[in-house]
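The values are calculated or read from the model by the stated rules, or taken from the named source; none is laboratory data. Nothing here was measured: the structure is a model prediction, and the numbers come from that model. Note that we place each Cβ from the backbone using ideal geometry, even for glycine, and neighbour counts take in every protein chain shown.
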Amino acid sequence: MKKIFLLFLVTAFAVSCSEDDSSSNDNPTTFPMTASVDSQSFPMEPEVGGNFSDPTGGMYGSEYHLLEGYRLQSIATAKTTLKDYKYYIRLAIPKIDVSVGTHTFTNTHIPNGYFADLDIAAVVDDSGENEATINGKIIVTSYDVATQRVKGTFEFKTNNGVTATQTHVISGSFNYVLAD
């Protein structure tokens, strides 16, 4: 009986270890993007397609792979009530220049350039924020041409689009398969 119990424990430990290995960032089926907005970190839900990019490019056009994630977040307002917002983070990677390296950008999205933006939308009403990207960088740490998997990090800053006052600092990581 002791041998069976010991065998059970060893098998359970081996299964547990193999399950931990499968949750690595090499197969990000649940959260292909993580982000920190103003030092608050969270996983980003994929907008569409799981860990696949949007090949239409969305708002950036068909020349781009769109990596998009969102997070539903409750924020305390001035009246100490909680209000639900959706944080959307969008990364545009040009289809003609997917390359390992640091790709910087400014507040203007240029043709065939890398770009990132943040959108904060209120869930119930129109009290979201209209954010404008100030500058940033997308760092592609690896790109496998055969599997089309791209991994990296991003950092950028935004303001409210009206004044030059910085309102949000965003950073995070991504791990997507670029869809055709």
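Couple of notes before you dig in:
- The residue of the range 81-124 that is surrounded by the most Cβ atoms within 10 Å (Cβ to Cβ), among those that are assigned to a strand (DSSP E or B) and among the basic types (Lys, Arg), is Arg90.
- On the stretch given as the range 42-59, residues that are touching a residue at least 40 places away in the same chain (Cβ under 8 Å) and closer than 20 Å to His168 by Cβ total 2.
- Residue count, the range 57-70 (criterion: over 17 Å from Arg149 (Cα atoms) and either among the small types (Gly, Ala, Ser) or outside any strand (DSSP E or B) (or both)): 6
- Unmet criterion (only one of (1) among the aliphatic types (A, V, I, L, M); (2) touching a strand residue (DSSP E or B) at 6+ places or on another chain (Cβ under 6 Å); (3) at pLDDT below 95) for Val162: (2)
- The set of residues in the range 120-159 that are of a type in the set (A, V, I, L, M, F, W, C) and within 16 Å of the chain's Cα centre (by Cα) comprises Ile120, Ile138, Ile139, Val140, Val150, Phe154, Phe156.
- Qualifying residues in the range 139-180 (those that are in contact with a Pro (Cβ under 7 Å, 6 or more places away or on another chain) and not small (Gly, Ala, Ser)) - the one nearest to Pro55 (Cα to Cα): Asp180
- Odd one out for Thr77, checked against (1) of a type in the set (Val, Ile, Thr); (2) touching a Lys or Arg at 6+ places or on another chain (Cβ under 6 Å); (3) modelled with pLDDT of 90 or more: (3)
- Residues that are surrounded by fewer than 17 Cβ atoms within 10 Å (Cβ to Cβ), of a type in the set (A, V, I, L, M, F, W, C) and closer than 19 Å to Val37 by Cβ within the range 142-173 comprise just one, Val169.
- If you go through the range 125-143 and keep only what is part of a loop (DSSP other than H, G, I, E, B), touching a strand residue (DSSP E or B) at 6+ places or on another chain (Cβ under 7 Å) and not charged (D, E, K, R), you end up with just Gly128.
- The range 144-159, subset more than 19 Å from Pro46 (Cβ to Cβ) and assigned to a strand (DSSP E or B), residue modelled with the lowest pLDDT: Asn159
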